[in-house]
């Protein structure tokens, strides 16, 4: 199995069309063509660090500010989840904790591991690492749950003096953190996982298919 | 572009190849029949999965999504009441809940986009791209750009995440006040089911292939 780069070609990451290397823009879908983006990992790390920077205040500042006749209370992400658990909703508390703590932390760890794996090699097979990347890309959006909860609560619970809910500053930081880590996951080019593999000698019997090889002899030159 | 386009239209040997967008492995994809799936030989990424008369179905589902999105935004979504006071909120209200403070205004617009505008826009783009293809006509101008935009926006369409957020918010609110569901709530529930259906039906490979001006089109040239 050979990659487009090994064959001296460039493949479009949007639509999969194969082009000669001098082509700059995919003629079929208009996507910008680049065999391997320069500074690919730096981009990943930049978004990663931004996401982490925003994740800290997201956990320190209050997410929700609830004002009732009797009292006013501020809840951080974790504080709010713990309160839910104490009020007899451990299931929902678990969903919140999973979406706001579990998923973001797992994302930071996995993206960092993928980026380090490209640079320093990894014990995991490329297929497994690519699976991890797909999972991270898929579940990243689900972290937005808590931001949506805050939005719904503060739009809905507006009963004058009786009870009113306002969003706290953490909601902004949390949303930014989710968005930045989504960018980090998107900036990670999963083709790099397989490039590192190809640099090592391929295992015998790795290459059962014929078509790409003979198909490509003519167009390159 | 190296050659004159006129000469290349007939003979672009690269047109039948596909570089896996995930791992860059170049392979020849035979035209799969409806209901068949073509997986990347190296990383098992789904390269093509055409379905019988998918185009018409996608157009139908997209129209439904578009209509539901418009109605769901404007009608009352949820209503709470406590101690004689009541307040109802539409989805737009939820998205705009952050607009109270200028810092959170941007977040507000972003949420509105994630919840309704992006899903609706993607539905509209799908219709624009597929309408002429279903009727065996040449694609409309900028169809490729439209489809590329729709693909790029896919991770940012978060209607289903918002739905889970609703469920969590409702459980939180039931302690504070009584909640009633508005018409928009049920419309939005349908929307959440239809958006993934729209994505599941779309075979990207088939769409790109029919948008490719250089590939020989099935019926025509």
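The values are calculated or read from the model by the stated rules, or taken from the named source; none is laboratory data. A quick note: this is a predicted structure, and the numbers were derived from the prediction, not measured. When we count neighbours, we look across all protein chains shown, and the Cβ atoms used for this are built from the backbone with ideal geometry, even at glycine.
Restrict the check to the stretch B:197-207 and report whether at least one residue is more than 19 Å from residue A:154 (Cα to Cα), touching a residue at least 24 places away in the same chain (Cβ under 8 Å), more than 8 Å from every other protein chain (Cβ to nearest Cβ) and part of a loop (DSSP other than H, G, I, E, B).
yes
At the interface with chain A (Cβ under 10 Å from one of its Cβ atoms), over 20 Å from residue A:171 (Cα atoms) and out of contact with any strand residue (DSSP E or B) (no Cβ under 9 Å at 6 or more places or on another chain): does that describe residue B:106?
Spelling it out, it is not the case that residue B:106 is at the interface with chain A (Cβ under 10 Å from one of its Cβ atoms), over 20 Å from residue A:171 (Cα atoms) and out of contact with any strand residue (DSSP E or B) (no Cβ under 9 Å at 6 or more places or on another chain).
For residue B:119, only one of the following conditions fails: (1) within 14 Å of chain A (Cβ to nearest Cβ); (2) in a helix (DSSP H, G or I); (3) free of Cβ contacts under 8 Å to residues at least 60 places away in the same chain. What is its number?
Evaluating residue B:119 over (1) within 14 Å of chain A (Cβ to nearest Cβ); (2) in a helix (DSSP H, G or I); (3) free of Cβ contacts under 8 Å to residues at least 60 places away in the same chain leaves (3) as the failure.
Looking at B:2, B:34, can you tell me which residue is over 15 Å from residue A:16 (Cα atoms), at the interface with chain A (Cβ under 7 Å from one of its Cβ atoms) and at pLDDT below 85?
When all the criteria are applied, what remains is B:2.
Against the condition without any contact (Cβ under 8 Å) to a residue 24 or more places away in the chain and in a helix (DSSP H, G or I), how does residue B:132 come out, does it pass?
Yes: the conditions hold for residue B:132.
Being within 22 Å of residue B:210 (Cβ to Cβ) and either within 27 Å of the chain's Cα centre (by Cα) or outside the structural domain of residue A:101 (by TED's automatic domain parsing) (or both) is true for just one of A:11, A:51. Which residue is that?
Working: A:51 fails: within 22 Å of residue B:210 (Cβ to Cβ).
The conditions single out A:11.
Report those helices (runs of 4 or more DSSP H) wholly inside the stretch A:51-148 carrying at least 3 residues which are buried (at least 20 other Cβ atoms within 10 Å of the Cβ), more than 11 Å from chain B (Cβ to nearest Cβ) and modelled with pLDDT of 90 or more. Don't jump to the end; show me each part of the working.
Numbers: elements: A:77-86, A:90-97, A:103-120, A:126-139.
The qualifying helices (runs of 4 or more DSSP H) are A:103-120.
Please find, among B:66, B:92, B:41, the residue that is more than 30 Å from residue A:161 (Cβ to Cβ) and within 22 Å of the chain's Cα centre (by Cα).
B:66 is the lone residue from the list that is more than 30 Å from residue A:161 (Cβ to Cβ) and within 22 Å of the chain's Cα centre (by Cα).
Before we move on, is residue B:100 modelled with pLDDT of 80 or more, exposed (fewer than 14 other Cβ atoms within 10 Å of the Cβ) and over 27 Å from the mean Cα position of the chain (by Cα)?
Answer is no for this residue.
Got a sec? Which of B:208, B:140 is surrounded by fewer than 21 Cβ atoms within 10 Å (Cβ to Cβ) and out of contact with any strand residue (DSSP E or B) (no Cβ under 8 Å at 6 or more places or on another chain)?
B:140
When the stretch A:7-46 is examined, which residues are found to be closer than 16 Å to residue A:190 by Cα, more than 7 Å from every other protein chain (Cβ to nearest Cβ) and out of contact with any strand residue (DSSP E or B) (no Cβ under 8 Å at 6 or more places or on another chain)?
A:36, A:37, A:38, A:39, A:40, A:41, A:42, A:43, A:44, A:45
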